[in-house]
Amino acid sequence: MIRTLPPLAAAAAAALLASPASAHLAPGAHGSLAAGATHPLFGLDHVLAMVAVGLWAGQTGGRAVWAAPAAFIAAMVAGYGLALAGLTVPMAEPMILASVVAIGLLAASAARMPAGLVAGAAAVFGLFHGAAHGGELGEAGALAFGLGFVVATAALHAAGIGLARLTGGLAVRGLGAGTAVAGVALAFA
């Protein structure tokens, strides 16, 4: 008899599988779009934060379901643009780790906030994720790389929303708590 994994175990296994020890794809070998699409998937911090945005948005419901991911992505594109313009967004990496912990805690606590506030919090963190992506552009074509990580980010948000809708309640809170704990562990890794 085959048993299915509980949602928390399945999410943890997926997070571990999504973070290979290898570096990002080389744009010359795989193309700029593929390099951009895989970029957020190769960093556990990005995966956790982006799925957590979806978890929190799905848990909050209403307009937050689309507003939080849309705000995160819009601000991420703005941060990417700042990096492409040669501007440094200070403390990008610490803020990315902070996003994992903060959004995880918000989902764990089932924080109920107006959709605008949820979207605003997502946007603040999205700016830092975008700046980090722009700082790692390398030889990739800016437009294709950017489109790739936008699509991957939207997919990670959708995965979080799906998890929230499928599991709900205590499972989402547990996933949020696990995300926050993983963020703290990454900070000390």
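Sorting W56, W66 from the fewest to the most surrounding beta carbons within 10 angstrom yields W66, W56.
All other residues whose Cβ lies under 12 angstrom from that of G61 are scored, Lys and Arg at +1 and Asp and Glu at -1, for a net of +3. Exposure proxy for E136, E93: other Cβ atoms within 10 Å of each Cβ, ordered fewest to most, give E93, E136. The range 91-148 and the range 155-189 have their alpha-carbon centroids 15 Å apart.
Residue order for F72, F125, F188, fewest other beta carbons within 10 angstrom first, comes to F188, F125, F72. When the alpha carbon coordinates of the range 43-187 are projected onto the principal axes, the ranges are 44, 30, 22 Å, largest first. Taking a Cβ cut-off of under 14 Å around A180, the surrounding Lys, Arg, Asp and Glu residues balance to a net charge of 0, with basic ones at +1 and acidic ones at -1. A Förster radius of 25 Å combined with the Cβ-Cβ distance from A185 to A110 puts the calculated FRET efficiency at roughly 0.65.
Each value in this text was obtained by applying a stated rule to the coordinates, not by laboratory testing. These figures come from a predicted structure and were not determined experimentally. All Cβ positions, even for glycine, are placed from backbone atoms using ideal geometry, and neighbour counts span all protein chains on display.
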